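Working notes, structure below.
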Amino acid sequence: MGTVEHVGRGSGRISGDLGHRPPSPRPRPRMQEPPTVRIKLPGRRPAPPKKDPVRTTVRTFGEILITLGLVVLLFVVYEVYWTDLISAGKQKDATSALDSQWKDKPDATRQDHFTGLGEGDGFAKMYIPAFGADYQYTIVEGTSAASLEIGPGHYTNTAYPGEVGNFGVAAHRVSRGAPFNDIDLINSCDAIVVETQNNWFVYRALPKAEEKAGWAEGKGKEARCKGVSVLGGPYSDVVGQQIVKPSDGLVIAPVPDSDVVPSAGEQVALMTMTTCHPRFSDKQRLIVHSVLVKQWAKDPAKPTWTPAELKETV
């Protein structure tokens, strides 16, 4: 028990155990509670949410459209790019075969012979200088799908290069090399040069319909239009370009768009090029008519000689 000590009156000092507090006990460390573990008890699973028929239909339709879009895209890539590569290879082979034939089998008579040609056989080369110095295609016999996959094809029932009548040639405008992709850009008097084993032929595009009036006093006076005129007689309706229906086969007749047989004195040597119109469609045909204006026999002494027309620019 504590005691009180009186130290004197008025000192006011208190001594003893009564003013002493015991030290506070240290707090006990709190123990972490173990994590709560939830245990799934066996029982009924919750029912899945009901499907929205509208949303399902829209999603299915969207997936179908995406699939169709991919199919169309692959088809376009095949038609526009892959077929070009295939045709380029076939055209190269046809040109190599023709070069070998001309080199290995020279014709002593220096005359062109087109008998015995089979479907797809190359027999001539064509150049359009207005399309650049690298525009060159080997023309093959026939206009079947297989032949046109190689390059421009000759209508078998028409004339051959340099002959009177109508030398008809068809080619694709899109895909498979697209040799005639730009023939709508051919203007009157532009040259189409055709090379055979023994000859060079220069055809020039005829005046367009809107150019016929005043041709002789206007464009017809240009130097490169020499030999190009508005045709008369049975050819009076023939123009440089026209668009026709696919069923109009008379465009490659001896007198285009006519069944008239001209007399020997009226016959003209023409070249007609045909292709689909418009691009990516076969609803119509684009036709380009040209007339033969020059011809040279190849000189064995000058094997590298070429016509000056090959260097013409637009």
Starting from the amide H of Ile139, placed 1.01 Å from N in the peptide plane, find each other amide H under 5 Å away whose residue is 5 or more places distant or on another chain. Phe123, Ala124, Lys125, Met126
Starting from the Cα-Cα distance between Ser100 and Ala146, subtract it from 0.36 nm times their residue separation and give me the gain in nm to one decimal. 14.4 nm
Between Lys302 and Glu222, the FRET efficiency computed from the C-beta separation at R0 = 22 Å comes out, to the nearest 0.05, as 0.15
Contour minus Cα-Cα span, Leu250 to Glu210, at 0.36 nm per residue, comes to 12.2 nm
Let me see the P(r) profile for the stretch 74-311: every Cα-Cα distance counted, bins of 5 Å, each bin given as a percent of all pairs. 1, 6, 13, 18, 20, 18, 12, 7, 3, 1, 0
Using the Karplus equation 6.51 cos²θ - 1.76 cosθ + 1.60 (θ = phi - 60°), what ³J(HN,Hα) coupling, rounded to whole Hz, does each residue of the stretch 232-247 give in order, writing x for Gly and Pro? x, x, x, 9, 4, 9, 7, 10, x, 9, 7, 10, 10, 7, x, 7
Taking θ = phi - 60°, what integer Hz values does the Karplus form 6.51 cos²θ - 1.76 cosθ + 1.60 yield along the stretch 160-168, in sequence order, with x for Gly and Pro? 9, x, x, 7, 5, x, 10, 7, x
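Across all directions of projection, what mean area in square nanometres is found for the Cα convex hull of the stretch 208-311? Write down the numbers at each step before the final one.
On the way: hull surface 37.7 nm².
Result: 9.4 nm².
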At R0 = 30 Å, how high is the FRET efficiency between Leu65 and Phe280 if r is their beta carbon distance? Nearest 0.05 is fine. 0.90
For the stretch 112-160, alpha-carbon Rg over 2.2 N^0.38 Å: 1.18
Ile86-Asn181 pseudo-label distance in nm [points 7 Å out on the Cα-to-Cβ vector]: 1.8 nm
Non-local amide H neighbours of Ala269 (under 5 Å, H modeled in plane, Pro and chain starts lacking H): which ones? Gly165, Leu292
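Using the 2.2 N^0.38 Å rule of thumb for compact globular proteins, work out how the stretch 78-196 stacks up: its C-alpha Rg over that value, please. If you can, show how the numbers build up before the last one.
Details: Rg = 14.2 Å, N = 119, 2.2 N^0.38 = 13.5 Å.
With N residues counted in the stretch 78-196, Rg over 2.2 N^0.38 Å equals 1.05.
All of the numbers you see were taken from the coordinates with simple rules; none came from a lab. Keep in mind the model is a prediction, meaning the values are calculated, not measured. In this analysis, Cβ positions are derived from the backbone assuming ideal geometry, glycine residues included, and neighbour counts consider all displayed protein chains.
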